[in-house]
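Participant: The structure that follows is given in the form of structure tokens.
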Amino acid sequence: MATSASFEYYPFLKMLSKMGPQGSSKVYNCVPSTLFTLNMLDQPHKDVINFLMTNTPINVEEICAPEMKAKIRTIVEFLATLRIVEVQNGITNLCPSFRRAYIIRPIRTLSKACRYRTLSKRQ
């Protein structure tokens, strides 16, 4: 699994880290590539992403235990390198394109599949 120490062994993540905001937003507009990126990450990174999915923008370091601040800081910096999170003035938030691809697009895809199945049953 990819961490900030080992991501140079993952060519896709390395490429993603060198893209600009527009390039990474194009990648995150595609659900499979978003899930592909997410599946490469280590479990603590996924935990931070899932926590940020359920919260408004928050200062993550303020709510964690003092002994975990350094670890959380490296995780957030790594996720910021991949443009999964944005950090402004200590406030951490998921990038809108990543959030959209991770939440909204699968729901739309699922609703389209349900509509298609309903239409095919009527025929």
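The values are calculated or read from the model by the stated rules, or taken from the named source; none is laboratory data. Given the structure is predicted, the values throughout are model-derived calculations rather than measurements. Backbone-built Cβ (ideal geometry, glycine too); neighbour counts: all protein chains shown.
Participant: Exactly one condition in (1) of a type outside the set (Val, Ile, Thr); (2) at pLDDT 85 or above; (3) out of contact with any helix residue (DSSP H, G or I) (no Cβ under 8 Å at 6 or more places or on another chain) is false for Pro44; which is it?
Facilitator: Of everything listed in (1) of a type outside the set (Val, Ile, Thr); (2) at pLDDT 85 or above; (3) out of contact with any helix residue (DSSP H, G or I) (no Cβ under 8 Å at 6 or more places or on another chain), Pro44 misses just condition (3).
Participant: Another question about this same structure. Pick from segment 47-86 the residues that are under 10 Å from the mean Cα position of the chain (by Cα) and without any contact (Cβ under 8 Å) to a residue 24 or more places away in the chain: which of them is surrounded by the fewest Cβ atoms within 10 Å (Cβ to Cβ)? Steps first, answer last, please.
Facilitator: Our first condition is that a residue be under 10 Å from the mean Cα position of the chain (by Cα); within segment 47-86, this holds for 48-50, 52-53, 79-80, 82-85.
From the residues that got through so far, the ones that are without any contact (Cβ under 8 Å) to a residue 24 or more places away in the chain too are 50, 80.
Numbers: Asn50: 12, Ala80: 15.
By that ranking, first place goes to Asn50.
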